[in-house]
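Only one structure is covered here, and it is reproduced in the block below.
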Amino acid sequence: MAAVDDLQFQEFDDAENLLAVNRDATTISIGDSHENSKKQRKSFRNVPKDEDDDLLGNEESDKTELLAGQRKSAPFWTFEYYQTLFDVDTYQVLDRIKGSVLPIPGKNFVRLYIRSNPDLYGPFWICATLVFAIAISGNISNFILHVGGPTYHYVPEFRKVTIAATAIYCYAWLVPLALWGFLMWRNSKVMNIVCYSFLEIVCVYGYSLFIYIPTAVLWIIPLEWLRWVSVVCAMCLSGSVLVLTFWPAVRDDQRRIAIATVSAIVILHALLAIGCKTYFFDLPEAGNQIQSPLPSTSNVTIKTASQKT
Amino acid sequence: MAEVDESTKPLFAGLSDVSISEDIPVEGEISVPVDSPTQDDEYSTLDEPVKETILRDLKAVGKKFVHVLYPKKSTALLRDWDLWGPLLLCVTLALMLQRSSTDSKEDGGPQFAEVFVLIWFGSVVITLNSKLLGGTISFFQSLCVLGYCILPLTVAMIICRLVLLGSEGIVSFIIRFIVVIVSFGWSTFASTAFLADSQPPNRKALVVYPIFLFYFVISWMILTFAPSSSSSTKTVGH
């Protein structure tokens, strides 16, 4: 009986309090933070590869998968499920936009910025802004080119908005669907380290389209060399973000398939940019051609009229 | 000794010693007044003349117009929401923005249905966006606010059409540009004044940006409205 009374529950202090008492005690923290695990792994390995550190190996991806499972626990037919897809703050959206424009070699956009919290706010509203930016910039640019021409009557060209919307939303949703299906299929054949979810791929593609918004505004200036320089710069920046994101996913596959996949991503990205530029923005030479033949035809008509009289 | 006495006495024993003096009148009615429904002062709105019904709704719509034109942080728009005002404004704007049928061969301005769908679909998408981001406003309240805040843009459209009746040169363009910019700023400011309080504080910019884009697109359609002028038939055709 007395032994039971002697057994008393002992509360253990926090780690900080214990460390304050005895600073040299060895500590083992179970819930590793991102930076701690990186440092430990770097000290163990002789040749640390940056991409592997960022891909965080298998255990971190398992943890993030678990966290993703805990976050999205609502079934997909409830409103709360879609609310988890919009669970971002203003600074997070701005960070992701900044990350899509500045590719840092060795950093993976998905792991660094998205971190198993893909959102649909960015892709949807960046695509909507891009649609209206292209349509409005094309309209302004054509107006500046053709104004003053005698046969020109300004039209707002509203139908181009629907065409632009169809093209951009198809690119932003169907290409990620195809890419995700392709990666799933290859994943069943070859064991990959990294496997992105469909929403993460949509997120990357949506944010990578952001660079085209200032490019479209820059295209208002009717200088052909400026347009080409800006489109090449934009393609390089966002294309490299896409390549850096998807290269680790196909790296372990056969060489030919890996290179084919990455080049398909880049080519589709380029096609979208060049297609939009060609369809919505007239070439600057067309404006000059409308004006130049007119004096010669008017001279001809004056001559024939004078000859007849 | 005294402690024992106090513990054995019953509670509130001392109160029986208090005597009510005869001067204080203690009287009054204890019954609770109950509203008995009289037959005369409450009749259903089915029996009133039609003019009263319409005028009551019109007055409610007009009161909300005044709230939009002088936006203060009031809850009148949110409390008694209705969709008559937005419908009226949307139909007026779409009627004025649609291109005439003679322009159908060229790629001209929007049709009536396109403007109508753009305004309503855009409002629904913005409302869904704010609800998904965690806003506490209800669906129809948000539709009501967004629809009523189109009023400055509709006024700008009327002014633009009147200016276009006069001249079509660069001066009229500058006047229209200034009018449209002012009304665009007014609409955006009014709608954010009503909607901003219901959003979580670290996501306000995420909710305000789509509203900005929505009114920007409508302003663009108003600014680029080009009437099918008869002067185009005078120029040399292809």
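Sorted by accessible area with a 1.4 angstrom probe, largest first, how do A:K277, B:K204 fall? Don't skip to the end; give the middle numbers.
On the way: A:K277 10, B:K204 75 Å².
My answer, sorted largest first, is B:K204, A:K277.
Taking the full set of protein chains and a 1.4 angstrom probe, give the accessible area of A:W247 in square angstrom, rounded to the nearest 10.
Ignoring ligands and nucleic acids, A:W247 comes out at about 70 Å².
What ranking of B:W220, A:W173 comes out by heavy-atom accessible area, probe 1.4 Å, highest first?
On the way: B:W220 55, A:W173 85 Å².
Of B:W220, A:W173, the descending order of accessible area is A:W173, B:W220.
Subtract the Cα-Cα distance of A:W225 and A:L237 from 0.36 nm times their separation in residues, and report this length gain in nm to one decimal. List each step's numbers first, then the result.
On the way: separation 12, 0.36 × 12 = 4.32 nm, distance 1.85 nm.
Additional length available on full extension: 2.5 nm.
If you take each beta carbon of peptide B:201-213 and count the beta carbons of other chains within 10 angstrom, what is the mean? Before the final figure, lay out each step's value.
Values: counts 2, 5, 8, 1, 5, 11, 1, 1, 5, 5, 0, 0, 5.
For peptide B:201-213, the averaged partner shielding equals 4.
Note down the net charge around B:P200, summing +1 for each Lys or Arg and -1 for each Asp or Glu among other residues with Cβ under 14 Å from its Cβ. Walk me through the intermediate numbers first.
Numbers: positive: B:K131, B:R203, B:K204; negative: A:D87, A:D89, B:D197.
The answer is 0.
Got a sec to turn the phi values of the range A:223-233 into Karplus ³J(HN,Hα) couplings, 6.51 cos²θ - 1.76 cosθ + 1.60 with θ = phi - 60°, whole Hz, x for Gly and Pro?
10, 5, 5, 5, 5, 5, 4, 5, 6, 5, 4
Might you work out the accessible area of B:I178 for me, using a 1.4 Å probe with all protein chains in place, and round it to the nearest 10 Å²?
Counting only protein heavy atoms, the figure is 100 Å².
How about the range B:78-175: which trypsin sites (Lys or Arg not before Pro) there are in a DSSP loop, with at most 11 other Cβ atoms within 10 Å of their Cβ? Intermediate values should be presented prior to the final figure.
Values: sites: B:R79, B:R99, B:K105, B:K131, B:R161; in loops: B:R99, B:K105.
Of the trypsin sites (Lys or Arg not before Pro), the ones in loops of the range B:78-175 whose Cβ has at most 11 other Cβ atoms within 10 Å are B:K105.
Give me the extension gain from B:V50 to B:T75: residue separation times 0.36 nm, minus the current Cα-Cα distance, reported in nm with one decimal.
Values: separation 25, 0.36 × 25 = 9.00 nm, distance 2.89 nm.
Length gained between B:V50 and B:T75: 6.1 nm.
The values are calculated or read from the model by the stated rules, or taken from the named source; none is laboratory data. Everything quoted here is computed from the prediction, not taken from an experiment. Cβ: placed from backbone, ideal geometry, glycine included. Neighbour counts: every protein chain shown. Ligands, DNA and RNA are excluded from the accessible area calculation, which covers all protein heavy atoms including side chains. Shrake-Rupley method; radii C 1.70, N 1.55, O 1.52, S 1.80 Å.
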